[in-house]
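Asker: Let me begin by handing over the structure; questions about it come next.
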Amino acid sequence: MSSHFELPETLPPVAADAEAVQRALDGLLTRRPELAGVISPFGPLFVASRRADALLKNWRPEELPRVFPDKLAQGAPWLAGDDLQWLADRGAAVAAEVLPELAGQFPVVAEECGRVLAAVNEGRLDSALLIRRLLDNDAEGLATMAAGLDVRPGLLGLAAREIALPLLRRAAGLRTAEIAAAQWSRGCCPCCGSLPSASFLSRRDERNAEFLVGGGGRKVFLCSRCEHRWNAKRVMCPVCENEDPHAIERVSVEQKPGERVYLCKKCGTYLPCLDLRETLDVAALEIEPLGLVHLDILARERGFVPAAVTPWNTMGDGE
Ligand SMILES: [Zn+2]
Ligand SMILES: [Zn+2]
């Protein structure tokens, strides 16, 4: 079934596996050698995350919630209010794949990663509850959990994100067709309700060049916690959802016309954007936010905060 909610056909496909992500990272590093200091330590987190996918290849939880198009049309994400118990029995396996990578890349958090991993393994930390609190942005609930584990709340949030990503990506993948067919115009993810880590403008579709949509430039948001992609309005802050072009400042980088960051003057958040019409060799959208870190720096220097917390825009804050 085809609908006008479909994503632009010119978007690069989701990378197939860990090897494909590694190749995309190598390509990004070739394109942006000046960002090696970011791509080299954070890139392996993406690879470890995709290694965890292999553990979930045959995972089809029976209790995975159904998609109710009416609920989405009213603005409630698919997983809103769900207790996520269907993923609880996979948390430990995923944590064992992703947390050692986080610890290995960032020795300063290694001890705390070890405590989180031990707690998940020993059943003292319920991964369903952990991820629920993450998705709810329940800072108080996460802080309580962190205190019980003797880790910093910021670190627990990052660890939770790494554990959540493969589980939510797989779950969202099992329901993609239904979710993509539902009406959705919000700034948060229709699957998990999280905010985007980056936005993209699509390339021209030569096959449909005679149609208006073939001109490219359709905007797509990438979810920071499940990597779902969805069509977004051309001008809209994902956080406060205002669509006032005067309240959203677009800042470009000299000599890089395809790279820009949108600053929302209403809520003080920013979202990087990559124009795929002006950028060659993009193999995997998922890793591209790493290549836009200079825009994070630019926005933060102006006093703006990221729409979504990610390891690469947070670590180094002393959290
Ligand atoms: Zn999501
Ligand atoms: Zn805003």
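The values are calculated or read from the model by the stated rules, or taken from the named source; none is laboratory data. Computed from a predicted structure; not experimentally measured. Heads up, the Cβs are rebuilt from the backbone with ideal geometry, glycines too, and the neighbour counts pull from every protein chain shown.
Asker: Inspect the stretch 228-236 for any residue being aliphatic (A, V, I, L, M), in contact (Cβ under 8 Å) with a residue 60 or more places away in the chain and within 14 Å of ligand 1 (Cβ to nearest atom) and give the result as yes or no.
Answerer: Taking the stretch 228-236 first, the residues aliphatic (A, V, I, L, M) are 232, 235-236.
Next, from what is left, pick out any that are in contact (Cβ under 8 Å) with a residue 60 or more places away in the chain: none.
No, that holds for no residue.
Asker: Still on this structure: Inside the stretch 35-44, can you point out the residues that are in contact (Cβ under 8 Å) with a residue 40 or more places away in the chain and under 25 Å from L280 (Cβ atoms)? Full working, then the answer.
Answerer: Here is the first cut: in the stretch 35-44, the residues in contact (Cβ under 8 Å) with a residue 40 or more places away in the chain are 35, 38-39, 41-44.
Of everything in the stretch 35-44, those that are in contact (Cβ under 8 Å) with a residue 40 or more places away in the chain and under 25 Å from L280 (Cβ atoms) turn out to be L35, V38, I39, F42, G43, P44.
Asker: I'd like the full set of residues that are of a type in the set (A, V, I, L, M, F, W, C), assigned to a loop (DSSP other than H, G, I, E, B) and away from ligand 2 (no atom under 16 Å from the Cβ), limited to the stretch 190-200. Break it down into steps so the answer makes sense when it comes.
Answerer: Let us first name the residues in the stretch 190-200 that are of a type in the set (A, V, I, L, M, F, W, C), namely 191-192, 195, 198, 200.
Cutting the leftovers down to assigned to a loop (DSSP other than H, G, I, E, B) gives us 191-192, 195.
Answer for the stretch 190-200, where residues must be of a type in the set (A, V, I, L, M, F, W, C), assigned to a loop (DSSP other than H, G, I, E, B) and away from ligand 2 (no atom under 16 Å from the Cβ): C191, C192.
Asker: Right, something else. Need a quick list: helices (runs of 4 or more DSSP H) entirely within the stretch 1-90 having at least 3 residues that are crowded, with 18+ Cβ neighbours inside 10 Å.
Answerer: On the way: elements: 18-31, 36-55, 69-73.
Because the criterion is at least 3 residues that are crowded, with 18+ Cβ neighbours inside 10 Å, the helices (runs of 4 or more DSSP H) in the stretch 1-90 that meet it are 18-31, 36-55.
Condition check ((1) away from ligand 1 (no atom under 16 Å from the Cβ); (2) within 30 Å of L280 (Cβ to Cβ); (3) at pLDDT below 95; (4) among the hydrophobic types (A, V, I, L, M, F, W, C)) across all residues:
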{"position": "V151", "(1), (2), (3), (4)": "yes, no, no, yes"}
{"position": "R169", "(1), (2), (3), (4)": "no, yes, no, no"}
{"position": "T176", "(1), (2), (3), (4)": "no, yes, yes, no"}
{"position": "A181", "(1), (2), (3), (4)": "yes, no, yes, yes"}
{"position": "C189", "(1), (2), (3), (4)": "no, yes, no, yes"}
{"position": "L195", "(1), (2), (3), (4)": "no, yes, no, yes"}
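Asker: Being basic (K, R) and at pLDDT 95 or above is the filter; apply it to the stretch 273-319 and report the residue that is farthest from W230 (Cα to Cα). Steps first, answer last, please.
Answerer: Going through the stretch 273-319, the residues basic (K, R) turn out to be 277, 300, 302.
Next cut, at pLDDT 95 or above only: 300, 302.
Working: R300: 26, R302: 28 Å.
Result: R302.
Asker: Return yes when A247 is within 16 Å of ligand 1 (Cβ to nearest atom) and among the small types (G, A, S) and no when it is not.
Answerer: no
Asker: Kindly provide the set of residues from the stretch 97-142 that are β-branched (V, I, T) and closer than 17 Å to T314 by Cα, ordered by number.
Answerer: Residues of the stretch 97-142 β-branched (V, I, T): 98, 108-109, 116, 120, 131.
Listed by number, the residues that qualify are V108, V109.
Asker: Within the stretch 239-262, does at least one residue satisfy the condition of being within 14 Å of ligand 2 (Cβ to nearest atom), modelled with pLDDT of 95 or more and among the aromatic types (F, W, Y)?
Answerer: yes
Asker: Quick one: which strands (runs of 3 or more DSSP E) sit completely within the stretch 214-310 and have at least 3 residues that are not basic (K, R)? Steps first, please.
Answerer: On the way: elements: 219-223, 229-231, 248-253, 256-264, 269-275.
So the answer is 219-223, 248-253, 256-264, 269-275.
Asker: Sticking with this structure for a sec: Take the residues in the stretch 161-189 that are in a helix (DSSP H, G or I) and basic (K, R), then tell me which one is farthest from the chain's Cα centre (by Cα). Quick ask: steps written out before the conclusion?
Answerer: Going residue by residue through the stretch 161-189, those that are in a helix (DSSP H, G or I) are 161-181.
Applying the additional criterion that residues be basic (K, R) yields 161, 169-170, 175.
Working: R161: 9, R169: 10, R170: 13, R175: 17 Å.
Looking at the filtered set, the residue picked out is R175.
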